[in-house]
Amino acid sequence: MALPPGPTGSASINTVRFSRRPLEMLLGWQKRYGNVFTTRFLVFGTGVYVAEPEAIRELFTGDQSDLHAGEANAPLAGVLGDHSVLVLDGPEHLRQRKLLLPPFQGARLSAMRPLIREVAEAEVGTWQPGSELRIRDRMRQVTFDVICRAVFGVYEPERVERLRTAMLNLIDTQSFFLIPERLRDSKSRFTPGGWLNRRREVADRLLYAEIARRREQPDLEQRDDVLSLLLRARDEQGRPMSDVELRDELFTMLAAGHETTSTGLAFAVDLLLHNPAALDRLRDELEAGEDAYLDAVVTETLRIRPVIDATERTLKAPRTVAGWDLPEGIRVYPGIALVHHRADLYPEPDRFRPERFLEEGARSYTWLPFGGGIRRCIGAGLAQAEMAEVLRTIVSGVELEAVRPEPDPVVLRGITLVPRHGAQVRVRARRPAAQPEPALAGSNSGAR
Ligand code: HEM
């Protein structure tokens, strides 16, 4: 079967170029080969990028039995565990997903906003005029704290710090993917697999202790953190989640939700500081009590700087995608960044213009930073709420200036797109806290 044309360079050349300048390479290939093209990468092999919203809709909806997304994540199982929703496919994936989704929806999600604001205010409160910060690093601190409280339900600073050290020690170990599978189970202290497994044991001990402690808590029925909700959840057969499943999903939510959200926030701050008109408008609207522009800033940031450039589906049977007959085994990449930069969908696609989302909101298959269908990001609502609340706190609390004259170039770290310098800023001044509105003459507040 003929594959769509694409870059002819070797897999190693493509991989090196892509990791240095992922957005430019992708958009360059799109310009040259169109909205469907084939690439070859080291580790990931041959894959077909698709930037046609209709073809992506067909991939995301309907019968998914011949489309696997978990299998490509199999190497993550060493850290996340075999029950992680990210590495599963088929009925087991759906079971975990159905258990995980409810805590991130509706009123439960709204209840997380005050908690996010509290964490953000504590962080931004430490930013002193004259100091220089790397926003991405500061945001990693914030997004970890939010997950610890909202998802794990852990508040005590000492326990938060213990979890932070143990879990990030494990998650930040990207080299895990380079360890050959046969060495991963090693118990020896002197092998990379053994070294990693010891880190995993330390993190697991803490997590299992948190799970056991929560089970015993007398107020378990009243608590609304995600772990407590998962402990009370039952699947369609009435079965609860086991401790191993809980451990694996807690790790997965941290791994999937901590770095991605902090990177999204770093991009947002970087883009706002390099687009002063957008920053001024945001500040004015927030002062007037209007949130629509804030939400548009978040949406536009995730459009122009999607943290994940593409999702992935492995074909388990031959399939026609965007008019191409593709063979079994091939990987198809719904091209998030490619769709987001199509000039026919987003005029002047390289300009940061939050206004574009004010008249018309984001549409499902043309705005897809969180993927779609039965694999759509479980934390999408939390991530957007977090980005909005943290930006609100920053913009209202401090005046920042960018250290660099141009927006940070986008590079690849692991599988995410990140700002190369982490969005470096200088704190110019603290802004006075907003005063409460004066009481109206004649209102009954004066009578008390
Ligand atoms: C800006 C922040 C985030 C971005 C850009 C992002 C993006 C994504 C993307 C692109 C996928 C794959 C979707 C697909 O294959 O169609 C995904 C999956 C997932 N994300 Fe997120 N994510 C973010 C934050 C979060 C947060 C905060 C959490 C949890 C607390 C989370 C948990 C997950 C999980 C569990 C999955 C796997 C879903 C499944 O396989 O069924 N993510 N995310």
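Miscellaneous remarks
- Of the residues making up the range 107-116, those that are part of a helix (DSSP H, G or I) and open to solvent by 50 Å² or more (accessible area, probe 1.4 Å) are A107, R108, S110, R113, P114.
- Helices (runs of 4 or more DSSP H) fully within the range 321-436 that include at least 2 residues being of a type in the set (V, I, T) and at pLDDT 95 or above: 336-340, 380-397.
- In the range 230-243, the residues that are touching a residue at least 24 places away in the same chain (Cβ under 8 Å) reach residues that are in a loop (DSSP other than H, G, I, E, B) and surrounded by 11 or more Cβ atoms within 10 Å (Cβ to Cβ) with C-beta atoms within less than 6 angstrom, at least six apart or across chains, in these pairs: L230/M241.
- Scoring Y365 on the criteria (1) under 18 Å from P407 (Cβ atoms); (2) under 20 Å from the mean Cα position of the chain (by Cα) leaves a single failure, condition (1).
- Residue in the range 10-18 that is touching a helix residue (DSSP H, G or I) at 6+ places or on another chain (Cβ under 9 Å), in a helix (DSSP H, G or I) and β-branched (V, I, T) present: no
- Any chance D270 is more than 16 Å from the ligand (Cβ to nearest atom), assigned to a helix (DSSP H, G or I) and modelled with pLDDT of 95 or more: no
- L206 being under 12 Å from L163 (Cβ atoms) and open to solvent by 30 Å² or more (accessible area, probe 1.4 Å): yes
- Applying a threshold of 8 Å to beta carbon distances and a minimum spacing of six or more residues, or different chains, the list of pairs starting in the range 43-64 at a residue that is at positive phi and ending at one that is open to solvent by less than 50 Å² (accessible area, probe 1.4 Å) and small (G, A, S) reads G45/A11.
- Of the set (1) more than 13 Å from the ligand (Cβ to nearest atom); (2) in a loop (DSSP other than H, G, I, E, B); (3) on the phi < 0 side of the Ramachandran plot, all apply to P306 but (1).
- Look at the range 364-377: where a residue is among the small types (G, A, S) and a partner is within 6 Å of the ligand (Cβ to nearest atom), sitting 6+ places away or on another chain with Cβ atoms under 9 Å, you get S364/G372; G371/A69; G371/I308; G371/T311; G371/C377; G372/T311.
- Qualifying positions in the range 19-36 - small (G, A, S) and more than 22 Å from the chain's Cα centre (by Cα): G28, G34
- L183 falls short on exactly one of the conditions (1) away from the ligand (no atom under 16 Å from the Cβ); (2) in a helix (DSSP H, G or I); (3) modelled with pLDDT under 95; (4) surrounded by 16 or more Cβ atoms within 10 Å (Cβ to Cβ), and that condition is (4).
- Count of residues meeting criterion [of a type outside the set (K, R), crowded, with 18+ Cβ neighbours inside 10 Å and over 19 Å from R32 (Cα atoms)] in the range 315-331: 4
- Just one of the listed residues (R420, R413, R392) is farther than 30 Å from I56 by Cα and open to solvent by 10 Å² or more (accessible area, probe 1.4 Å), and it is R392.
- The range 52-91, residues that are acidic (D, E), away from the ligand (no atom under 11 Å from the Cβ) and either modelled with pLDDT of 90 or more or open to solvent by less than 30 Å² (accessible area, probe 1.4 Å) (or both): E52, E54, E58, D66, D82
The values are calculated or read from the model by the stated rules, or taken from the named source; none is laboratory data. None of these values were measured; they are calculated from a predicted model. For neighbour counting, all protein chains shown are included, and Cβ atoms are generated from backbone atoms with ideal geometry for every residue, glycine included. Quick note on the areas: whole protein, heavy atoms, side chains included, nothing else; ligands and nucleic acids left out. Shrake-Rupley method; radii C 1.70, N 1.55, O 1.52, S 1.80 Å.
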